[in-house]
Amino acid sequence: MDSITLGEVMLAMFDWVASHKATKAATADVWSMLRAVCPPGTSPGTYAMAEMILQRHLCDSVVTIPVCRHDCIAYFNFQSTAFHHMQYADLDACPVCCKSRYVTLKGRKIDAKVMYWFPSARYWEFLFSDKEIVPYLYNDLCPSTSPLGSVRGSNGYYRKVLLNPRMNSDPRHQAVILSTDGMPYFKDIQCRSGWPVLMRSAMLPDGLWNSQAYTHMLAFQASDYLDEDPTTGIAHRVKRYDDHVALDAITR
Ligand SMILES: [Zn+2]
């Protein structure tokens with residue numbers, strides 16, 4: 001049997017912590033039990049150390065973007081020419097639903113909702129640094145050489161990628177496949193949920209383009225948001241599900 005690595009044990013621990021919504025105190029306790037059973041020379045360190053590594057990694061790889069609590073807009077200044085009219089970073093209220101960007105929680109003004117963006121540069125660095133993969137990443141291949149049933153052999157790929165003049169202006173341009181679906185954060189599905197946006201390069205060969213190991217999480221958006229009680233002014237978390245039920249009740 002293959003032996004399990006310390007890194008795999010730590011990942012399994014983080015998975016357990018996230019899926020069971022373990023408190024920090026409970027996690028630190030289980031972490032110290034893990035340290036006690038690890039063979040000499042393979043200690044995972046303290047939980048505080050592991051948490052610090054995660055925080056450093058997040059500082060470097062995550063961009064937090066405030067969004068309208070009803071998901072109308074992102075408070076962000078879009079860079080590309082096509083979206084140049086969308087300059088929302090400095091607004092205090094949503095131009096679509098007029099709701100305030102902020103709520104007051106425990107005396108502090110905070111964003112009612114945020115989304116997390118994980119820039120894809122590292123993903124492309126990872127793909128383009130692999131000598132065996134690089135030859136596949138060029139978009140000048142003939143679809144007839146791709147096996148039947150593969151993305152690269154499909155009609156959609158031929159039309160959207162191979163015949164696309166913008167794609168053809170540089171052989172390094174990448175076609176990507178984006179997908180999203182709602183998922184609960186924890187094992188208890190009544191708890192909070194969100195929408196991960198997953199991205200894969202459509203240029204990858206069969207067996208890799210649909211592999212989880214070659215998928216990048218591009219963004220994550222929670223389903224819920226903070227809202228203020230109109231009478232007390234106290235902020236509370238509203239689940240989108242409850243919101244829809246409430247709207248449904250109003251419209252009936
Ligand atoms: Zn809005």
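Every number here is computed from the coordinates shown, using simple stated rules; none is lab data. What you are looking at is a predicted structure, and each value in this text was computed from that prediction instead of being measured. Neighbour counts are summed over all protein chains in view; Cβ atoms, including those assigned to glycine, are modelled from backbone coordinates with ideal geometry.
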Ordering 115-122, 21-28 by per-residue average of other C-beta atoms within 10 angstrom, highest first, gives 115-122, 21-28
Which value, in debye to the nearest 20, describes the size of the charge dipole of the range 41-173 about its Cα centre when Lys and Arg Cβ atoms bear +1, Asp and Glu Cβ atoms bear -1, and nothing else is charged?
-> 420
About the Cα centre, charge dipole magnitude for the range 117-222 (Lys/Arg +1, Asp/Glu -1 at Cβ), debye = 200
Placing +1 on each Lys and Arg Cβ and -1 on each Asp and Glu Cβ in the chain, then taking the dipole about the Cα centre, the residue among S146, F128, T180 whose Cα reaches farthest towards the positive end is T180
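Pairs of alpha-carbon atoms within less than 8 angstrom and 6+ residues apart define the contacts here; what relative contact order does the chain have, in percent?
Details: 334 pairs, mean separation 36.4, N = 252.
Rounded, it is 14 percent for the chain.
Going by how many other Cβ atoms sit within 10 Å of their own, how do H70, H84, H216 line up, fewest first? Intermediate values should be presented prior to the final figure.
Values: H70 15, H84 10, H216 18.
Ascending Cβ contact count within 10 Å gives the list H84, H70, H216.
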Signed unit charges on C-beta, dipole axis of the range 37-124, positive-most listed residue A50, T81, Y102 = Y102
Would you mind telling me which residue in V114, V63, V96 has the biggest mean-square fluctuation in a Gaussian network model of the chain, where springs connect alpha carbons within a distance under 10 angstrom?
-> V96
Among Y123, Y136, Y185, determine the one that fluctuates most according to a GNM of the chain built with springs between C-alpha atoms less than 10 Å apart.
-> Y136
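Relative to the Cα centre, what is the charge dipole magnitude of the range 6-60, using +1 at the beta carbon of each Lys and Arg, -1 at the beta carbon of each Asp and Glu, and rounding to the nearest 20 debye?
On the way: 4 positive and 5 negative charges, 26 e Å.
Rounded to the nearest 20 debye, it is 120 debye.
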Whole-Hz couplings from phi, Karplus 6.51/-1.76/1.60, listed for the range 149-158; x for Gly and Pro = x, 8, 4, 5, x, 7, 4, x, 5, 4
Which of T46, T232, T180 moves most in a GNM of the chain, Cα contacts under 10 Å?
-> T232
Ranked on Cβ counts within 10 Å of their own Cβ, fewest leading, L178, L208 go L178, L208
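Summing +1 for each Lys or Arg and -1 for each Asp or Glu, what net charge is found among the other residues whose Cβ lies under 11 Å from the Cβ of V161?
On the way: positive: R152, R159, K160, R166; negative: D140.
Charge balance in the 11 Å sphere: +3.
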20 Å reach of a label modelled at V62, 7 Å along Cα-to-Cβ, counting backbone N of the range 7-36 = 10-28
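Taking 0.36 nm per residue of separation and subtracting the Cα-Cα distance, what length does fully extending R159 through R237 add? Provide the component values of the computation, followed by the final result.
Values: separation 78, 0.36 × 78 = 28.08 nm, distance 4.46 nm.
Additional length available on full extension: 23.6 nm.
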Prolate/oblate/rounded call for the chain, Cα gyration tensor, a/c under 1.5 rounded | oblate
